[in-house]
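A short write-up of the structure that comes next.
The values are calculated or read from the model by the stated rules, or taken from the named source; none is laboratory data. Please read all numbers here as calculations on a predicted model, not as lab measurements. As a convention, Cβ positions derive from the backbone with ideal geometry for all residues, glycine included, and neighbour counts pool all protein chains shown. Side chains are part of the model used for accessible areas, which takes the heavy atoms of the whole protein and leaves out ligands, DNA and RNA. Shrake-Rupley method; radii C 1.70, N 1.55, O 1.52, S 1.80 Å.
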Amino acid sequence: MWRIYHYTLCPFSRKVRLALAEKGVSFELVEEFPWQGRDAFLEMNPAGQTPVAVWKDNECVLCDSTAIIEYFEETVRENPLLGSGPLERAEVRRVVAWFDQKFFAEVGVILLQERMYNRLVTRQPPNTHLLRQAHQAIETHLDYIEYLLDHRRWLGGATFSLADMTAAAHLSVVDYLGGIDWKTHDQAKQWYSAIKSRPSFRPFLGERMPGLVPPSYYEKLDF
């Protein structure tokens with residue numbers, strides 16, 4: 001069985017977990033806090049980042065969420081994640097990159113730093129200026145999600161794909177950290193609610209980061 005080294009609020013780990021669950025790949029989770037710099041973990045991934053996927057006794061070690069998912073997309077034919085046809089696959093990859101790069105830089109990494117890492121590790125107060133910037137950015141990204149949904153059924157096209165999984169993975173972490181006001185984004189909320197209802201997503205709802213409690217609505221499907 002595959003082992004996935006992760007920590008609960010790592011959006012890239014959640015992205016991999018969603019993808020593997022959708023493809024029917026069995027795996028077990030190993031908790032890893034990358035900021036601890038554990039030597040055995042750095043031997044597997046010198047970049048010191050989660051997720052890392054390991055087969056048996058390190059017979060196969062895969063690093064980086066995109067590389068991990070591409071590996072399983074090539075080796076497991078069931079339930080393709082990128083859609084059909086070169087244009088649709090290119091669009092799915094574009095939306096994936098939007099959330100992995102732009103959303104994470106403008107929103108995700110800020111909330112993880114200020115509301116998780118500073119609280120649990122450095123014991124420093126959050127930077128309110130950065131938090132305001134992140135909250136402004138999340139509104140832009142929710143608007144973009146709704147723009148995409150105005151023109152297609154799912155974020156990457158006509159079918160549920162890795163684009164939706166990636167966006168939901170990142171949003172779920174920000175949502176856990178209380179960073180989203182869903183009141184003015186009904187369309188994005190309905191899309192996210194549909195993904196929360198999927199069996200692949202449901203395990204996230206009961207998981208907790210020690211020392212951090214999510215908003216009361218976090219695990220509710222109808223929120």
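Tabulated data for the structure shown
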| read-out | value |
| --- | --- |
| Residue match in the range 186-196 (condition: within 12 Å of LEU142 (Cα to Cα), over 12 Å from the mean Cα position of the chain (by Cα), part of a helix (DSSP H, G or I) and aliphatic (A, V, I, L, M)) | yes |
| Any pair with Cβ under 7 angstrom, 6 or more apart, that starts in the range 71-88 at a residue that is more than 11 Å from LEU162 (Cα to Cα) and ends at one that is of a type in the set (Ser, Thr, Tyr) and open to solvent by 90 Å² or more (accessible area, probe 1.4 Å) | none |
| Single condition LEU131 does not satisfy, out of (1) open to solvent by 50 Å² or more (accessible area, probe 1.4 Å); (2) over 27 Å from LEU162 (Cβ atoms); (3) among the hydrophobic types (A, V, I, L, M, F, W, C) | (1) |
| Qualifying residue in the range 144-161 (condition: within 14 Å of the chain's Cα centre (by Cα) and either among the basic types (Lys, Arg) or at pLDDT 95 or above (or both)) | yes |
| Of the criteria (1) among the basic types (Lys, Arg); (2) in contact with a Pro (Cβ under 9 Å, 6 or more places away or on another chain); (3) at pLDDT below 95, which one LYS56 fails | (2) |
| Filter result for the condition that a residue is touching a Gly at 6+ places or on another chain (Cβ under 9 Å) and polar (S, T, N, Q), over THR122, THR159, THR184 | THR159 |
| Helices (runs of 4 or more DSSP H) within the range 1-112 that include 1 or more residues touching a Gly at 6+ places or on another chain (Cβ under 9 Å) | 11-23, 39-44, 86-97 |
| Answer from GLU88, GLU114, GLU74 - the residue that is surrounded by 20 or more Cβ atoms within 10 Å (Cβ to Cβ) and of a type in the set (D, E, K, R) | GLU114 |
| Single residue of the range 165-223 satisfying the filter (under 26 Å from GLU32 (Cα atoms) and acidic (Asp, Glu)) that is most open to solvent (accessible area, probe 1.4 Å) | GLU219 |
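To keep it simple, each residue is scored yes or no on (1) closer than 20 Å to LEU162 by Cα; (2) buried (at least 16 other Cβ atoms within 10 Å of the Cβ); (3) hydroxyl-bearing (Ser, Thr, Tyr).
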residue: ILE4; (1), (2), (3): yes, yes, no
residue: CYS10; (1), (2), (3): yes, yes, no
residue: GLU22; (1), (2), (3): yes, yes, no
residue: GLU28; (1), (2), (3): no, no, no
residue: TRP35; (1), (2), (3): no, no, no
residue: THR50; (1), (2), (3): yes, yes, yes
residue: TRP55; (1), (2), (3): no, no, no
residue: CYS60; (1), (2), (3): no, no, no
residue: ILE68; (1), (2), (3): yes, yes, no
